[in-house]
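Here the structure comes first, spelled out in structure tokens, and everything after it is commentary.
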Amino acid sequence: MKRNGNTILITGGGSGIGEALAHRLHDLGNTVIIAGRRLEALQAAAEGRENIHPIALDIENGAAIEAFAARAVAEHPALNVLVNNAGIMRFEPLDTQRDLADAEATITTNLLGPIRLTNALIEHLCAQEDAAIVNVTSGLAFVPLVATPTYNATKAAIHSYTVSLRQALQGRVEVVELAPPAVQTGLTPGQENRPGYQPLDEFADEVIALWTQAGGTPPEILVERVRFLRNAEAEGRFDETLVQLNEFARKAREGQ
């Protein structure tokens with residue numbers, strides 16, 4: 001991907017990782033469209049930045065996604081980069097029968113949302129120069145957090161989907177996976193200041209450095225902290241890492 005001169009759409013751009021990346025990519029000289037459910041949050045994220053454009057999007061609604069994509073292309077015909085970042089993370093017990101509303105919402109938002117939006121924009125992107133799709137997954141796609149099983153599963157699915165998309169679009173649209181570690185954001189209650197999680201600004205700065213490195217953007221953007229999870233199976237330490245991850249997360253949530 002080129003460093004600047006892009007028109008970049010970022011879902012979940014009103015807070016957390018999406019907002020942080022939107023600001024940094026805007027600072028590099030890109031036009032940025034930020035999308036999300038809460039228009040007031042998007043407007044706050046865009047405040048004082050002439051070329052950041054907020055557009056409301058209900059990522060759970062298939063018809064709304066189609067209408068949003070048509071509007072985004074009509075208002076910003078130079079759109080050439082899609083960042084599928086919007087997502088939710090819910091804690092779910094697996095040892096008792098439960099209402100599956102959280103699991104269903106997670107699948108709709110984290111898996112169907114990116115698939116639907118990519119589908120709605122794919123012909124437009126294929127017609128653009130320097131086009132790219134960036135799918136935000138998670139280190140938990142590779143080693144799961146037992147307390148958030150559906151979240152892990154959706155991120156693993158998007159990882160696999162990204163591999164297929166990269167092969168299908170080879171030579172036409174660059175396809176990149178961004179897999180964050182545990183980052184201090186509002187993804188779950190109390191996570192903004194959770195001990196041991198990577199500070200948001202530090203994470204975003206590291207991502208941009210990898211995104212814009214000499215020689216081009218790598219197919220996977222992996223900050224140093226996530227490599228422990230990404231490479232666990234390949235390095236023959238998956239079982240050990242599964243135990244370590246879940247113990248770390250439990251202690252962090254309990255403030256130990």
Filtering the range 45-55 down to residues that are small (Gly, Ala, Ser) and surrounded by fewer than 17 Cβ atoms within 10 Å (Cβ to Cβ) yields Gly48
Give the range 19-44 a look and list any residue that's of a type outside the set (Asp, Glu) and surrounded by 24 or more Cβ atoms within 10 Å (Cβ to Cβ), or say none. Leu21, Ala22, Leu25, Val32, Ile33, Ile34, Ala35, Gly36, Leu42
Among (1) over 21 Å from Leu111 (Cβ atoms); (2) surrounded by fewer than 22 Cβ atoms within 10 Å (Cβ to Cβ); (3) not hydrophobic (A, V, I, L, M, F, W, C), which single condition is Glu60 missing? (1)
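Kindly check whether there is at least one residue in the range 108-120 that is modelled with pLDDT of 95 or more, in a helix (DSSP H, G or I) and either over 20 Å from Gly18 (Cβ atoms) or in contact with a Pro (Cβ under 9 Å, 6 or more places away or on another chain) (or both).
As a first pass, look at the range 108-120 and keep what is modelled with pLDDT of 95 or more: 108-120.
Within this subset, residues satisfying the condition of being in a helix (DSSP H, G or I) are 108-120.
Checking the rest, the ones that are also either over 20 Å from Gly18 (Cβ atoms) or in contact with a Pro (Cβ under 9 Å, 6 or more places away or on another chain) (or both) come to 119.
Checking the range 108-120: at least one residue is modelled with pLDDT of 95 or more, in a helix (DSSP H, G or I) and either over 20 Å from Gly18 (Cβ atoms) or in contact with a Pro (Cβ under 9 Å, 6 or more places away or on another chain) (or both).
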The lone exception for Ala141 - which of (1) surrounded by 13 or more Cβ atoms within 10 Å (Cβ to Cβ); (2) in contact (Cβ under 8 Å) with a residue 40 or more places away in the chain; (3) under 19 Å from Leu178 (Cα atoms) it fails: (2)
Considering only the range 81-108, how many residues are polar (S, T, N, Q), surrounded by fewer than 22 Cβ atoms within 10 Å (Cβ to Cβ) and within 19 Å of Val134 (Cα to Cα)? 1
Restricting to the range 208-230, count the residues that are assigned to a loop (DSSP other than H, G, I, E, B) and either of a type in the set (D, E, K, R) or without any contact (Cβ under 8 Å) to a residue 40 or more places away in the chain (or both). 3
Of the residues that make up the range 188-204, is at least one in contact with a Leu (Cβ under 6 Å, 6 or more places away or on another chain), at pLDDT 95 or above, outside any helix (DSSP H, G or I) and surrounded by 13 or more Cβ atoms within 10 Å (Cβ to Cβ)? no
Any residue at all in the range 223-242 that is touching a strand residue (DSSP E or B) at 6+ places or on another chain (Cβ under 6 Å) and buried (at least 17 other Cβ atoms within 10 Å of the Cβ)? yes
Give the residues of the range 31-65 that are out of contact with any helix residue (DSSP H, G or I) (no Cβ under 7 Å at 6 or more places or on another chain), without any contact (Cβ under 8 Å) to a residue 40 or more places away in the chain and polar (S, T, N, Q), sorted by residue number. Gln43, Asn61
Exactly one condition in (1) under 21 Å from Pro149 (Cβ atoms); (2) small (Gly, Ala, Ser); (3) surrounded by 15 or more Cβ atoms within 10 Å (Cβ to Cβ) is not met by Ala72; state its number. (1)
Considering only the range 125-149, state which residues are outside any strand (DSSP E or B) and touching a strand residue (DSSP E or B) at 6+ places or on another chain (Cβ under 6 Å). Thr137
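Quick one: how many residues across the range 145-191 are of a type outside the set (A, V, I, L, M) and closer than 26 Å to Leu94 by Cα?
Looking only at that region, the number is 19.
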Within the range 151-169, can one find any residue that is farther than 21 Å from Ala35 by Cβ and in a loop (DSSP other than H, G, I, E, B)? yes
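The values are calculated or read from the model by the stated rules, or taken from the named source; none is laboratory data. No experiment lies behind these values; they were computed from the predicted model shown. Cβ atoms come from the backbone with ideal geometry, glycine included; neighbour counts cover every protein chain shown.
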